[in-house]
């Protein structure tokens, strides 16, 4: 087991910069999600760490040892592919045994290790089956068992849950997390599903156009995004734009918005404030208990009822703001109603204009 | 899955009949009838068309067993078939692998065209072109002597290697095409998965790629082995006097000696032997595939 350090990694395909000066420290034993839209470079980064492709410049170290020119078969990594990539000509047990057999391990050792790995993924009795006789979730488990049975230094997962249906995906998320904790392996997980990234990982790295946009624990990225992209890609966010006052912004119509967190900016520069929809309180009266609260007035253009919560779309000065309200059975506002939106400066993040 | 397909085709047989009928009608007229006539001839003393008196006999078949020559020639032809098939595997399989897994886009199309090109040229023209290449003072001889500092004499014409060269050239596209199809169906991520587990390229070939492309190898081998065993054109033109094989003897019976009954009998013995070989090999091959 070992940590992975990626430093100043760049890789271009023709004129396209797939990775542009990316540096991330993947801590030993951590569960790390690489999140980004398609074409953001997250899969390219994973393939660089795996060794399927070599960087143009930069360094990759696994357990402190430079590996950027080491081919994949010598890197001692475990990888799970999106389509599972099980060998169709072999039984489940032979699939799991493959990594140990090519190393020339003794048959008895292989048999016991394979059984242990299959037990770990709760498929202990299915060793004799062929991959085509298994369900999607079971294939996924076999692929995982095959990747970890060789005791790799790092476990790399390329959208491993992408091909599963929603209910199964949630089961597998929990399962994957349990197995990862149990063996304590450094895990790097590529996904475009923000919910998956939030619920599973210790740290998240958000990529966009080959660059690392922001990196940190899920709570930190969600509560203190450093860019509009990070704010809107990980979760929902209302973005208000204006000129910065140093501790907040002034909107075009002169309204001041105070921010309790975020970048320190020189007064007068263009900036944005981000606020999460669930942090905004919505009411019909203008009476206030908190004199410091940010206040905006608007009109409800649309309401979507989703059982445990409702989403209100509020029109204000040509912009639509999104507000999510828990269903407490008290407030039921109608479309067309004039409303007052209030939220605290602590829920507001100041972001430099991009 | 196979069960489902079988039951589906049974219930759909009535509606499939109009689609099947032309093919089966053609096969009946073009293959079954002439072959039946040949079976008939093979049990005759004389060809009825010649106007001479004829009778039924087993002599044509007993001749094969009473004369060691035919048996020797059949073994030589089987060996020829085996050698040509093996050469086609050694030459065709790597080419198919490169086509399916290494080349992409335009370069693949271009190389593919080169592989198929022999199909588009007349077989006789191909063989005579080889004759010009292989004979003493021919293209190969001249070219090698122009390059090499010392004098060598290359005269492969009318030899066993010439027959092999000609046949391999004619039949290697079958191996390339059948192997290409099965190799292309192998997902690249399987190869990547194997490498990530520490397998060398040779280990991947041995445990994953060859087993998964076995159906293509078997199909290619069958497509090559069967016609090569009965081949006569390449042995006759490129082999000369050394090119006497089972196929050329059958041809002689039909075009030179006009002993159709014996030619037909020898053909059916060949057919039987080939069928027995394929039947014996099929369990082994099916397990491998």
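The values are calculated or read from the model by the stated rules, or taken from the named source; none is laboratory data. If you're wondering where the values come from, they're calculated on a predicted model, not measured in any experiment. Cβ: placed from backbone, ideal geometry, glycine included. Neighbour counts: every protein chain shown.
Would you check if residue B:197 is in contact with a helix residue (DSSP H, G or I) (Cβ under 6 Å, 6 or more places away or on another chain) and modelled with pLDDT of 95 or more? The answer is yes for residue B:197. When residues in the stretch A:253-268 are screened for being touching a strand residue (DSSP E or B) at 6+ places or on another chain (Cβ under 7 Å) and closer than 19 Å to residue A:224 by Cβ, 8 of them pass. Of all residues being assigned to a helix (DSSP H, G or I) and without any contact (Cβ under 8 Å) to a residue 12 or more places away in the chain in the stretch A:101-110, which is farthest from the other protein chains (Cβ to nearest Cβ)? Just the residue, please. So, considering only residues that are assigned to a helix (DSSP H, G or I) and without any contact (Cβ under 8 Å) to a residue 12 or more places away in the chain, the one farthest from the other protein chains (Cβ to nearest Cβ) is A:108. Taken over the stretch A:76-100, the criterion of being in contact with a helix residue (DSSP H, G or I) (Cβ under 6 Å, 6 or more places away or on another chain), more than 8 Å from chain B (Cβ to nearest Cβ) and outside any loop (DSSP other than H, G, I, E, B) is satisfied by A:80, A:92, A:93, A:95, A:96, A:97, A:100. Just one of the listed residues (A:181, A:203, A:146) is in the same structural domain as residue A:42 (by TED's automatic domain parsing), without any contact (Cβ under 8 Å) to a residue 24 or more places away in the chain and touching a strand residue (DSSP E or B) at 6+ places or on another chain (Cβ under 9 Å), and it is A:181.
Residues are listed down the side, and each one gets a yes or a no for (1) within 29 Å of residue B:237 (Cβ to Cβ); (2) surrounded by fewer than 15 Cβ atoms within 10 Å (Cβ to Cβ):
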position	(1), (2)
B:55	no, yes
B:60	yes, no
B:66	no, yes
B:74	yes, no
B:78	yes, no
B:92	yes, no
B:102	no, yes
B:116	yes, yes
B:125	yes, yes
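Against the condition without any contact (Cβ under 8 Å) to a residue 12 or more places away in the chain, under 24 Å from residue A:298 (Cβ atoms) and touching a strand residue (DSSP E or B) at 6+ places or on another chain (Cβ under 7 Å), how does residue A:250 come out, does it pass? In short, yes.
If you check residue A:220 against the conditions, is it on the phi < 0 side of the Ramachandran plot and modelled with pLDDT of 90 or more?
Working: on the phi < 0 side of the Ramachandran plot: yes; modelled with pLDDT of 90 or more: yes.
Judged against the criteria, residue A:220 is a match.
Within the stretch B:174-201, being at the interface with another protein chain (Cβ under 10 Å from one of its Cβ atoms) and not in a loop (DSSP other than H, G, I, E, B) holds for B:188, B:189, B:190, B:191, B:192, B:193, B:194, B:195, B:196, B:201.
Within the set A:129, A:169, the sole residue that is farther than 19 Å from residue A:89 by Cα, assigned by TED's automatic domain parsing to the domain that holds residue A:39 and surrounded by fewer than 22 Cβ atoms within 10 Å (Cβ to Cβ) turns out to be A:169.
The residues listed here are A:56, A:20, A:28; of these, the one that is surrounded by fewer than 23 Cβ atoms within 10 Å (Cβ to Cβ), touching a strand residue (DSSP E or B) at 6+ places or on another chain (Cβ under 8 Å) and within 20 Å of residue A:147 (Cα to Cα) is A:28.
Of the residues making up the stretch B:72-106, those that are assigned to a helix (DSSP H, G or I), within 15 Å of residue B:180 (Cα to Cα) and either at pLDDT below 90 or more than 19 Å from the chain's Cα centre (by Cα) (or both) are B:97, B:98, B:99, B:100, B:101, B:102.
Here the helices (runs of 4 or more DSSP H) wholly within the stretch B:202-289 that include at least 3 residues being without any contact (Cβ under 8 Å) to a residue 24 or more places away in the chain are B:246-255, B:260-288. The residue list B:283, B:235 contains one member that is touching a helix residue (DSSP H, G or I) at 6+ places or on another chain (Cβ under 8 Å) and under 22 Å from residue B:89 (Cα atoms), which is B:235. Residues in the stretch A:127-165 that are away from every other protein chain (no Cβ under 11 Å), farther than 22 Å from residue A:192 by Cβ and not in a helix (DSSP H, G or I): A:127, A:128, A:129, A:130, A:134, A:135, A:151, A:153.
The residue that is nearest to the chain's Cα centre (by Cα), among those in the stretch B:204-218 that are buried (at least 19 other Cβ atoms within 10 Å of the Cβ) and under 17 Å from residue A:85 (Cα atoms), is B:213.
Determine which member of the set A:329, A:336, A:260 is in contact with a helix residue (DSSP H, G or I) (Cβ under 6 Å, 6 or more places away or on another chain) and surrounded by fewer than 17 Cβ atoms within 10 Å (Cβ to Cβ). Only one candidate qualifies: A:260.
Of the residues making up the stretch A:45-73, those that are under 24 Å from the mean Cα position of the chain (by Cα) and within 14 Å of chain B (Cβ to nearest Cβ) are A:46, A:47, A:48, A:49, A:50, A:51, A:52, A:53, A:62.
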